[in-house]
Amino acid sequence: MQTATAFARKHFAGIAALMVVAMLAASFVLPVQAHALEVERWTAKSNTSGETKIMGETPTRVTWQGQSAENESLTEVSVDLPAGSSIEAENVKTTVMSGLDRLEIASQTAIEGAKVTVSFPEPTPAGSLVMIEFNRTLLPAAGGTFGMTGSYTTVDGQVHDLATTDQTFDVVGTSPTEQLSVWLGQQDWVKAWNSNKFLHLFFDPTIIVTSIPTVFAGWLISIGLVILSFPLAIPLGLVWAFLRMAKSRILRAIGATYINIVRGTPLFLQLYIVFFGLPLMGITMDNFLLAAIVLVVNSSAYLAEIFRAGIQSISKGQFEAARSLGMNSIQTMFFVIIPQTVKRVIPTMTSEFILMYKDTSLMAAVGVMELMMYAKTITAATGNVTPYIVAAGYYLIVTIPLTKLINTMELRMAGGRRKRKKQAHPAPEAELVPGSDAAVARNIRMSETFAGPASQVDYDECAYSPTNRNSNSNSNSNHMSH
């Protein structure tokens, strides 16, 4: 046993050397295996201005490039584009090169779905480089990461699969509005429109189409801010109005101080104090809620003055009449004065609503993603002012109808639309004998026409007061004496 082991160890080096020599000899004797067509390039060109993204459903150029082996002559190459892609046959360009020389070799293109087949009636030279460019290719709108598959046919009729490669390209999904924008950009009238610098910077149709849905999201946030803030500012403003009119000097001072400070400082400054001051105190809150708080605080001061003016415009006779019915001060205020005040201040409150809605644009300065912030972001990305014009349109959607409503209410309250009844003119009467019954009746009608019955008083336009009451009594007595 030891003898056999010692023999193996002694001749091991020789046996290994013999095996190496045999392998080298076999490598020279066996034929060299042919190398398959190697994929050198599989790329797509960016189709967004100023960016490197590849958008789906947007014309782009996809390039495939393969290097054939030294003993491979090709008659056909098939490339599978990403599923859902589309291209026209005339947009496929094929180039064959041998070394640095471009060869003039005819080719034919056939398209079946997303599969593009390029055939060569005259086979390509062995070892040549083949490049196929798929111009104006529309890649899938859904986007994704796409590799490459395909096949090729050699001159001897054998079909082989293209060698696998790790080369891929990413496609960004596109929305219908982005697809519409791309389509508009290809229209001649849009190109002529954008050739004017002013129209291109402020009213670019392609940017308008893409900005409308994006800015719409910010518009909803602005509307939400106002809908949340304005109803909360109304009762708070009413409280400050009561403090402003209180009999106590301390309460009046508190109300006046709050109203004067809030109205005397800009909303922009108040935003900075809240958004940067509260975090320094350790108070963190959602930006949307912080913006709503600032709007409530600011608007309540203005509403307080609106309510105070409305309450003080009510005649004192209303208070006296309520007391005569046994109402106390609180009942008089809530059941008599406030209902009339609300009716009078509705137009002014609507104006305050419009101002609050426009003031939401200041929230962009502190990072709240509202209407103006969305437009600002798109403008920074495109270098075009058109998104601001779109934002202006969203503001006008709310402000113009509300302004029209204010004008209508003011006309109604002023009596501008009241149609006065036309007084019927009496038919010509025959000359009456003075002192007759008919003459007396005519004189009574004429006196009522010009003076009016003393008992008819327009309560809305002539407030109750002792002075009015005395003047009415005097007119009645004079009328009766006559």
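The values are calculated or read from the model by the stated rules, or taken from the named source; none is laboratory data. Just so it is clear, the model here is predicted, and its values are computed rather than measured. Cβ: placed from backbone, ideal geometry, glycine included. Neighbour counts: every protein chain shown. Just so you know, the surface numbers come from the protein's heavy atoms only, side chains and all, with ligands and any DNA or RNA stripped out. Shrake-Rupley method; radii C 1.70, N 1.55, O 1.52, S 1.80 Å.
With 14 Å as the cut-off, how large is the P(r) tail for the range 327-386, expressed as percent of Cα-Cα pairs?
Details: 1248 of 1770 pairs.
Roughly 71 percent, once rounded to a whole number.
Just the C-alpha atoms of the range 135-195: what Rg/Rh do they give, with Rh taken as the Kirkwood radius?
Using Cα coordinates only, the ratio equals 1.23.
Quick check: pseudo-label points 7 Å beyond the Cα along Cα→Cβ at MET413 and ASP170, how many nm apart are they?
5.8 nm
Can you tell me the FRET efficiency between ALA365 and TRP193 if r is taken as the Cβ-Cβ distance and R0 is 35 Å, rounded to the nearest 0.05?
Details: r = 33 Å, r/R0 = 0.95.
Here the calculated transfer efficiency is 0.60.
Sorted by mean Cβ packing within 10 Å, highest first, what order do the peptides 298-309, 218-229 take?
Values: 298-309: 22.0, 218-229: 19.3.
The peptides rank, most packed first, as 298-309, 218-229.
Can you work out the accessible area per residue across the range 248-327, with the rest of the protein chains kept in place, probe 1.4 Å, in square angstrom?
Per-residue accessible area for the range 248-327 comes out at 56 Å².
Per residue, what accessible area does the range 343-396 have, given a 1.4 Å probe and all protein chains present, in Å²?
Details: 2210 Å² over 54 residues.
With the other protein chains kept in place, the range 343-396 gives 41 Å² per residue.
How much of the pair distance distribution for the range 313-358 lies past 16 Å, counting alpha-carbon pairs only, in percent?
Every Cα pair in the range 313-358 considered, those over 16 Å come to 47 percent.
Take the Cα of ALA256, step 7 Å along the line toward its Cβ, and report every residue of the range 283-323 whose backbone nitrogen sits under 15 Å from that point.
305, by backbone N distance to the label point.
Taking amide H positions as placed 1.01 Å from N in the peptide plane, with prolines and chain starts having none, which residues 5 or more places from VAL385, or on another chain, fall under 5 Å of its amide H?
Distant-sequence amide H within range of VAL385: zero hits.
Would you pull out the residues with amide H under 5 Å of LEU103's amide H, same chain only if 5 or more places away, H placed 1.01 Å from N?
Hits under the 5 Å cutoff: VAL96, MET97, SER98.
Would you work out if the range 239-388 is rounded, prolate or oblate? Take a ≥ b ≥ c from the square roots of the eigenvalues of the alpha-carbon gyration tensor; rounded if a/c is under 1.5, else prolate when a/b is larger than b/c, oblate otherwise.
Numbers: a/c = 3.56, a/b = 2.09, b/c = 1.70.
In terms of gyration-tensor shape, prolate.
What spacing in nm lies between the two simple spin-label points modelled at THR43 and ARG344, each 7 Å away from Cα in the Cβ direction?
Taking the simple label geometry, THR43 and ARG344 are separated by 7.7 nm.
What is the range 147-243 by shape, rounded, prolate or oblate, if you read a ≥ b ≥ c off the alpha carbon gyration tensor as root eigenvalues and call it rounded for a/c under 1.5, prolate for a/b larger than b/c, and oblate otherwise?
Details: a/c = 6.58, a/b = 2.28, b/c = 2.89.
Oblate is the answer for the range 147-243, as a/c is 1.5 or above yet b/c matches or exceeds a/b.
Ignoring any ligand, DNA or RNA, what whole percent of the accessible area of the range 200-252 comes from carbon and sulfur when the probe is 1.4 angstrom?
Details: 2140 of 2700 Å².
Accessible surface attributable to carbon and sulfur in the range 200-252 totals 79 percent.
Under the Kirkwood approximation applied to all pairs of distinct alpha-carbon atoms, what is the hydrodynamic radius of the range 351-402 in Å? If you can, show how the numbers build up before the last one.
Working: mean 1/r = 0.0871 Å⁻¹.
Taking every pair of different Cα atoms in the range 351-402, averaging 1/r and inverting gives 11.5 Å.
When a/c reaches 1.5 or more, the comparison of a/b and b/c decides; with that in mind, is the range 53-143 rounded, prolate or oblate per its Cα gyration tensor?
Here the range 53-143 falls in the prolate category.
Rolling a 1.4 angstrom probe over the protein heavy atoms, how many square angstrom per residue are accessible across the range 45-132?
It amounts to 49 Å² per residue over the range 45-132.
Relative contact order for the range 176-332 using alpha-carbon pairs under 8 Å, separation at least 6, rounded to a whole percent? Could the numbers behind the result be given before it?
Numbers: 107 pairs, mean separation 39.3, N = 157.
Over the range 176-332, the number comes to 25 percent.
Any idea how far apart ALA142 and ASN287 come out in nm if each label point goes 7 Å out from Cα toward Cβ?
3.4 nm
Using a 1.4 Å probe on the protein heavy atoms, what percent of the accessible area of the range 103-153 belongs to carbon and sulfur?
50 percent
At 0.36 nm per residue, and after removing the present C-alpha to C-alpha distance, how many nm does the segment from LEU232 to SER98 gain when stretched out fully? Don't skip to the answer; put the middle values down first.
Numbers: separation 134, 0.36 × 134 = 48.24 nm, distance 7.88 nm.
Full-extension gain reported as 40.4 nm.
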